[in-house]
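Okay, structure first, notes after.
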Amino acid sequence: SESIPSQKTLNCSFIAKGKISLIIHLSNFHHRKGGIDDSIYLGFPDQILKKSRVSQSYEFFIIGVLLIMAVFHFGLFFFGRKDYSYLYFSFLLLSQIISSSVNGEMIIMSFFPDMSWEWLKKVDYISNFFRLTFFGLFFWQLYKETIHKYFVWILAGINTILTVIV
């Protein structure tokens, strides 16, 4: 009853004198993949903070590159030829950006620090459904003679149902 679901990277510092015991209280009543999913790093506070900042900087860089590509392809669709593969690829990249921002170092928490764990999971699942849908639409647009449109409609329909369920 006292369990509060969360997903976050914690940086804790303490002064250790002599022998220490590290005890972590953890429960998993809310998600099948609960628990510690990365290594625990011990070191001086400046080393740990540097490692965390490097990881966040890397994710910001990747998200920035994906955003530039998404805007570029949206511009190709909007200002150039009305080829829908550009639009679908742009939406595919945007859904990947959203998925990346709620996983890993969870960049989204920098902008929305009070976002609940439940909303994080919903955004994660829905972005995965969108990514799969736009992936199918993108390849269907490129290979219409190979991929049947009913397959893409069924894929989009299933992902729409799953999105509504979430």
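At 1.4 Å probe size, with the rest of the protein present, what percent of the exposed accessible area of the chain is carbon and sulfur atoms?
C and S atoms contribute 65 percent here.
For a quick check of your reading of the filter: which chymotrypsin sites (Phe, Trp or Tyr not before Pro) in the range 103-149 sit in a DSSP loop and have no more than 16 other Cβ atoms within 10 Å?
In loop regions of the range 103-149 (DSSP not H, G, I, E or B), the sparsely surrounded chymotrypsin sites (Phe, Trp or Tyr not before Pro) are TYR143.
Just one of (i) 41; (ii) 52; (iii) 32 is percent of Cα pairs over 24 Å apart calculated from these coordinates, so which is it?
(ii)
Where the only charges are on Cβ atoms (+1 Lys, Arg; -1 Asp, Glu), what is the dipole of the chain about its Cα centre, to the nearest 20 debye?
160 debye
Decide, for the range 1-74, between rounded, prolate and oblate: order the square roots of the alpha carbon gyration tensor eigenvalues as a ≥ b ≥ c, take rounded if a/c falls under 1.5, and otherwise choose prolate if a/b is larger than b/c, else oblate.
Oblate shape, in that a/c is at least 1.5 and b/c is the bigger or equal ratio.
Where only protein heavy atoms count, and the probe is 1.4 Å, what is the accessible area per residue for the range 87-166 in Å²?
Accessible surface, normalised per residue, equals 59 Å².
Please give the FRET efficiency for LYS8 paired with ILE48, using the beta carbon to beta carbon distance and R0 = 22 Å, rounded to the nearest 0.05.
The pair LYS8/ILE48 has a calculated efficiency of 0.90.
Would you please classify the overall shape of the range 96-166 from the alpha carbon gyration tensor, given that a ≥ b ≥ c denote the square roots of the eigenvalues, rounded means a/c under 1.5, and beyond that prolate means a/b larger than b/c while oblate covers the rest?
In terms of gyration-tensor shape, oblate.
Which helices, taking whole DSSP H runs in the chain, have alpha carbons extending 27 angstrom or more along the helix axis plus mean Kyte-Doolittle at least -1.0?
Helices passing the filter in the chain: 45-79, 117-142.
DSSP loop trypsin sites (Lys or Arg not before Pro) in the range 90-158 with at most 12 other Cβ atoms within 10 Å of their Cβ, which ones?
LYS144
Determine, from the Cβ-Cβ distance of ILE161 and SER57 and an R0 of 35 Å, the FRET efficiency 1/(1 + (r/R0)^6), rounded to the nearest 0.05.
0.35
Determine, for the chain, the count of lysine pairs separated by eight or more sequence positions (or lying on different chains) whose alpha-carbon distance falls under 23 Å.
Lysine pair count for the chain: 9.
Work out which GluC sites (Glu not before Pro) in the chain are exposed loop sites (DSSP not H, G, I, E or B, at most 11 other Cβ within 10 Å) and give the longest gap free of them.
Longest site-free region, per DSSP loop and neighbour criteria: 3-144.
The values are calculated or read from the model by the stated rules, or taken from the named source; none is laboratory data. On a predicted model such as this, the values are computed, not experimentally measured, just so you know. Here Cβ is always computed from backbone atoms with ideal geometry, including for glycine, and neighbour counts include all displayed protein chains. The area values use the complete protein model at the heavy-atom level, side chains included, leaving out ligands, DNA and RNA. Shrake-Rupley method; radii C 1.70, N 1.55, O 1.52, S 1.80 Å.
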